[in-house]
Amino acid sequence: MGGRESELVLLDENGIRCDGRKVDEPRRIMIKAGGLKNADGSAYIEFGDNKILVGVFGPRDVHPKHMSNTDTGILRVRYHMEPFSVSERKNPAPSRREIEISKVIKEALQPAVILDKFPRTAVDVFIEVLQADGGTRCAALSAASVALADAGIPMRDMVAACAAGKVADTVVLDVNNEEDQAGQADMPIGYMPNLKKITLLQLDGVLTPEEYKKCIETGIIGCKIVYDLQKKALHDKYFGSGGEQ
Ligand code: ADP
């Protein structure tokens with residue numbers, strides 16, 4: 001946060017952001033359900049310049065066996081960035097950041113899935129970030145929800161995710177990579193719109209109590225936009241959009 005703000009105009013005098021968006025405008029979002037024939041469920045998302053593929057496997061036997069739970073199925077999540085997903089080659093070994101994001105996505109999905117009918121099994125969610133441009137955890141979480149639904153995993157609701165943030169002293173929706181690096185705050189939010197429950201809330205940066213409230217409200221508006229596209233993706237796969245051969 002901070003530092004490069006003087007070189008980059010994050011918000012011009014007309015309220016237009018560095019990538020041409022208005023303050024309340026998300027990036028272009030495209031979600032597709034399915035696509036991986038060897039997975040039980042899958043989804044692909046483009047969220048601005050983020051491109052992320054998710055495969056879900058299970059419920060299936062747990063290896064190693066001692067990780068299994070006799071009362072319920074367990075959820076496991078691996079978030080992985082391809083070495084070519086960012087401009088400077090990323091080391092393929094799991095980084096602390098990938099381990100953290102895997103954990104927060106798992107914890108954000110946990111309240112949505114109902115696994116008590118599948119004791120001693122695991123549901124594995126593999127997230128592959130093909131191209132990253134800020135906000136990958138939100139895009140990945142949104143795609144993972146669609147992939148879990150596509151796998152037929154019983155769910156209370158889908159988790160839709162979007163970030164809000166603060167650039168040039170203004171609360172904005174869906175922070176991009178440049179805004180994330182040069183802006184003042186980034187707040188990723190995961191939200192279950194039907195249940196009205198937040199399952200992911202992180203904050204990098206400093207906000208006043210008023211800005212904090214505004215960021216949550218703004219982020220939830222973004223989550224609802226994502227939610228409609230998640231439902232559309234599943235609808236298109238199972239009831240046909242008629243547009244593809
Ligand atoms: P998120 O992707 O959820 O916003 P971060 O805030 O940690 O998570 O990362 C912001 C962005 O920084 C990423 O989306 C990606 O574009 C970039 N980034 C992350 N890790 C690396 C890396 N190892 N090398 C270059 N860019 C990276």
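The values are calculated or read from the model by the stated rules, or taken from the named source; none is laboratory data. Since the model is a prediction, treat every value here as computed from it, not as a measurement. All Cβ positions, glycine included, derive from the backbone under ideal geometry; neighbour counts span all protein chains shown. With ligands, DNA and RNA removed, areas are computed over all heavy atoms of the protein, side chains included. Shrake-Rupley method; radii C 1.70, N 1.55, O 1.52, S 1.80 Å.
The table below lists the values:
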| read-out | value |
| --- | --- |
| Local electrostatic count at residue 34 - Lys and Arg +1, Asp and Glu -1, tallied over other residues with Cβ under 10 Å | +1 |
| MRE, 222 nm, helices only [DSSP H, n ≥ 4, -39500 (n - 2.57), over the chain, to nearest 500] | -8500 deg cm²/dmol |
| Sulfur and carbon atoms: percent of accessible area, the chain [1.4 Å] | 52 percent |
| Per residue solvent-accessible surface (Å²) - the chain, probe of 1.4 Å | 50 Å² |
| D (Stokes-Einstein, µm²/s), Kirkwood Cα radius, the stretch 21-239, 0.890 mPa s at 25 °C | 141 µm²/s |
| Aspartates and glutamates with Cα under 18 Å of residue 197, excluding same-chain neighbours fewer than 8 positions away | 107, 157, 217, 228 |
| Linear extension gain, residue 76 paired with residue 194, 0.36 nm per residue minus alpha-carbon span | 40.1 nm |
| Net charge dipole size for the stretch 21-239 [Lys, Arg +1 and Asp, Glu -1 on Cβ; Debye, nearest 20] | 700 debye |
| Estimated FRET transfer efficiency (residue 117, residue 13; beta-carbon r; R0 51 Å; 0.05) | 0.35 |
| Heavy atoms of residue 221: accessible area, 1.4 Å probe, square angstrom to 10 | 100 Å² |
| Two-site label geometry, residue 97 and residue 23: point separation in nm, points 7 Å out along Cα→Cβ | 2.8 nm |
| Unsatisfied cross-links (Cα-Cα over 21 Å) in the set 32/90; 32/231; 32/166; 106/196; 103/224 | 32/90; 32/166; 103/224 |
| Charge-dipole axis of the chain as Lys and Arg at +1 and Asp and Glu at -1 on Cβ define it, positive-most pick from 223, 198, 123 | 123 |
| Set of aspartates and glutamates near residue 22 by C-alpha distance (under 14 Å), chain-local residues within fewer than 8 positions excluded | 12, 13, 174, 179 |
| Packing-based ranking, highest mean first, of 98-107, 206-215 given that Cβ atoms within 10 Å are counted | 98-107, 206-215 |
| Given charges at Cβ of Lys, Arg, Asp, Glu: the chain dipole, positive-most of 140, 162, 59 | 59 |
| Span from the the stretch 160-217 Cα centroid across to the the stretch 16-66 one, whole angstrom | 19 Å |
| In nm, spacing of pseudo-spin labels at residue 221 and residue 68 (7 Å Cα→C-beta vector) | 4.9 nm |
| Over the stretch 116-194: Kirkwood hydrodynamic radius from C-alpha pairwise inverse distances, Å | 14.2 Å |
| Added length on full extension, which subtracts the Cα-Cα distance from 0.36 nm per residue, residue 130 to residue 88 | 13.8 nm |
| Two-decimal log10 I(q)/I(0) for the stretch 182-245, as the Debye equation yields it once each C-alpha is a single scatterer, q = 0.14 Å⁻¹ | -0.53 |
| Overall form of the stretch 86-155 per C-alpha gyration tensor (a/c, 1.5; a/b vs b/c) | prolate |
